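To start, the structure itself, in structure tokens.
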Amino acid sequence: MSKRSTVGRLAETDALTLFPEGMAKGNSKAARHAERVLLQTVRSEICKVAAAHAAHVDEDARFPVEAFAALKKAGLLGIMVPSELGGMEAPIRVIAEICSLLAQNCSSTGMCYAMHQIKASSLVMHAMDDEWHRGFMRRMVAEQLLLGSATTEGGGVGGDLRTSNCGIDAQGSVFALRKEGCLISYGIQADAILITARRTPESPPSDQVMAVMTRDQYTLELTQVWNTLGMRGTCSNNFTFEGAAPVEQVIPASFADIAAQSMLAYAHILWAATWYGIAANAVYRAETFVHAEARRRPGTVPPGAMRLAELLNSLQQFRALILASIDRYERAKGDPDELSSISFVVALNGTKVSASEAACDIIQHAFLICGIHGYRNDSPHSLGRHLRDAMSSRIMINNDRILGNVSNLLSVYKHNPSLAA
Amino acid sequence: MKSKIREVLSKHGRLPVDIATLSDSDDLHAAGLTSFASVELMMALEEAFDIEYPNQMMNRRHFSSVTAIENALMKIRQDMAA
């Protein structure tokens, strides 16, 4: 399997970059410099590690331990935490760029990093006024804690994250929680898990809260092993989660607010950025294939070149979609009404559906260019893993579920035809 | 107005509890109002009060309690009259 990746062309990375320099104009010179150094570390060090182990992570369906050791060593797990708590306060566009860079080299690393940061966003956006969680965020930076997520559940709930069967059972200052049949990506490796439950065992299924529980506070009983077509390194096993913790570890905001005001945007944007990374590397492989063909037959335009032109257009649209979504989020941030409005929900759900389709379409298109060399597993233009990994995008929160939810809203929603809105 | 809102809520809110057990300021989301049901509720309110929710009013806060719904409806009526 090929080890070629973005690492091979550091000097040209701008072509695959979501955010060319200069986009961070609003930031101070020092912050821009810090971002540049950070992204350079990701490109020159962490991406190399991720690329070197990507094939093994996929073959053995194992967690990308080497890449995460490198991410921890570089302090990249706590970068979203505000500076007052020791973090870097990295904005969503920087996190998105890191997801993309990682996924250009190892999809599972990119996706695990995205999922970790989606959890971090819940704390950063909703728990800054709470002493216990402030202390936990300081620990996230100092100890480089990896955060997992337990939002799904058995018993008919499945992937409907806005419904819980289990409830927070508070007895005095401590609560107990048992959640069955929940899929937890890298559950074994996580240092803490953010878990959803009904506010109390008697609360309605939609009245949920989210609690932070550290690995010393719970046990995980493995019920089903993650053996899938792609994204094999996320190790999204099924578990029965059982634990107890002080009640102060429950995030004060309702999960409804967390889901609407930060999780929706962070999840859809960071996933989209990860899928973009996979697609961008497929385009890179198609491009190098066309270059090699052109050198082999000087004077003739390779047959794949026209398709490559189309492919670059598609990648450009994909990138524009993500940038527009980030812009939309940045403008809405800090306005809970706008973040929970139907128009915002419709827009961000649209980002997820379009991004997942773009990723799969782009990789299939790249296949046509690389031909048998893309189909082979042992060629530098191999695309099999890209396609398998990207195929998760349409069903990771199934597009049909999302379109179904959106169509429910459309009976009252009136779209805004303005180009500038 | 509140009694009419309560009537619509009991028919279309899909609440797991009787609306009569909730006060005007009680949190409807905590009582089990789902986002799916709030869309149905919105359509029923538009019908019952002959108004149209503008996009910027279609958010969680304006459906958080009987009083919040009433305030939203009054604001919409005011804006429509203006």
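Can you pull out every residue in segment A:189-230 that is part of a loop (DSSP other than H, G, I, E, B) and either among the hydroxyl-bearing types (Ser, Thr, Tyr) or closer than 21 Å to residue A:160 by Cα (or both)?
Of all residues in segment A:189-230, those part of a loop (DSSP other than H, G, I, E, B) come to A:189-191, A:199-207, A:225-230.
If the condition is that a residue be part of a loop (DSSP other than H, G, I, E, B) and either among the hydroxyl-bearing types (Ser, Thr, Tyr) or closer than 21 Å to residue A:160 by Cα (or both), then A:199, A:200, A:201, A:202, A:203, A:204, A:205, A:206, A:207, A:225, A:226, A:228 are the ones that fit.
Of all the residues that make up segment A:404-413, how many are part of a helix (DSSP H, G or I) and more than 17 Å from residue A:344 (Cβ to Cβ)? The number of residues fulfilling the criteria is 1. Residue A:264 satisfies every condition listed in (1) surrounded by fewer than 24 Cβ atoms within 10 Å (Cβ to Cβ); (2) more than 30 Å from residue A:206 (Cβ to Cβ) except (2). One residue stands out in segment B:20-40 among those that are of a type outside the set (Gly, Ala, Ser) and in contact with a Phe, Trp or Tyr (Cβ under 7 Å, 6 or more places away or on another chain): the one that is farthest from the other protein chains (Cβ to nearest Cβ), namely B:28. For segment A:346-375, a residue qualifies if it is within 18 Å of the chain's Cα centre (by Cα), surrounded by fewer than 22 Cβ atoms within 10 Å (Cβ to Cβ) and touching a residue at least 60 places away in the same chain (Cβ under 8 Å), and exactly one does: A:349.
Which residue, of A:219, A:223, A:234, is β-branched (Val, Ile, Thr), modelled with pLDDT of 95 or more and closer than 23 Å to residue A:121 by Cβ?
Numbers: A:219 fails: closer than 23 Å to residue A:121 by Cβ; A:223 fails: closer than 23 Å to residue A:121 by Cβ.
Just a single option satisfies the conditions, and that option is A:234.
Scan segment A:95-113 and tell me whether some residue there is modelled with pLDDT of 95 or more and under 18 Å from residue A:258 (Cα atoms). For segment A:95-113, residues modelled with pLDDT of 95 or more and under 18 Å from residue A:258 (Cα atoms): absent.
Is it the case that some residue within segment A:386-393 is in a loop (DSSP other than H, G, I, E, B), in contact with a Leu (Cβ under 9 Å, 6 or more places away or on another chain) and either at pLDDT 95 or above or acidic (Asp, Glu) (or both)? Break it down into steps so the answer makes sense when it comes.
So the first thing to find is which residues in segment A:386-393 are in a loop (DSSP other than H, G, I, E, B), and the list is A:391.
Filter again for in contact with a Leu (Cβ under 9 Å, 6 or more places away or on another chain), leaving A:391.
Then drop every residue that is not either at pLDDT 95 or above or acidic (Asp, Glu) (or both), which leaves A:391.
So far as segment A:386-393 goes, yes, one or more of its residues are in a loop (DSSP other than H, G, I, E, B), in contact with a Leu (Cβ under 9 Å, 6 or more places away or on another chain) and either at pLDDT 95 or above or acidic (Asp, Glu) (or both).
Among the residues of segment B:31-60, the ones that are open to solvent by 40 Å² or more (accessible area, probe 1.4 Å), of a type in the set (S, T, N, Q) and either farther than 16 Å from residue A:160 by Cβ or touching a Leu at 6+ places or on another chain (Cβ under 6 Å) (or both) come to 1 in all. Within segment B:72-82, is even one residue open to solvent by 20 Å² or more (accessible area, probe 1.4 Å) and within 9 Å of chain A (Cβ to nearest Cβ)? No, that holds for no residue. Among the residues of segment B:8-25 satisfying the criterion of being charged (D, E, K, R) and modelled with pLDDT under 95, which is least open to solvent (accessible area, probe 1.4 Å)? Looking at the filtered set, the residue picked out is B:18.
For segment B:27-82, filtering for residues that are within 17 Å of residue A:406 (Cα to Cα) and of a type in the set (Val, Ile, Thr) leaves 2. Kindly establish whether residue A:262 is in a helix (DSSP H, G or I) and at pLDDT below 95. So residue A:262 passes the test.
The values are calculated or read from the model by the stated rules, or taken from the named source; none is laboratory data. If you're wondering where the values come from, they're calculated on a predicted model, not measured in any experiment. Every residue, glycine as well, gets a Cβ built from its backbone with ideal geometry; the counts of neighbours run over all protein chains shown. Note: accessible area is taken over every heavy atom of the protein model, side chains too, but ligands, DNA and RNA are not part of it. Shrake-Rupley method; radii C 1.70, N 1.55, O 1.52, S 1.80 Å.
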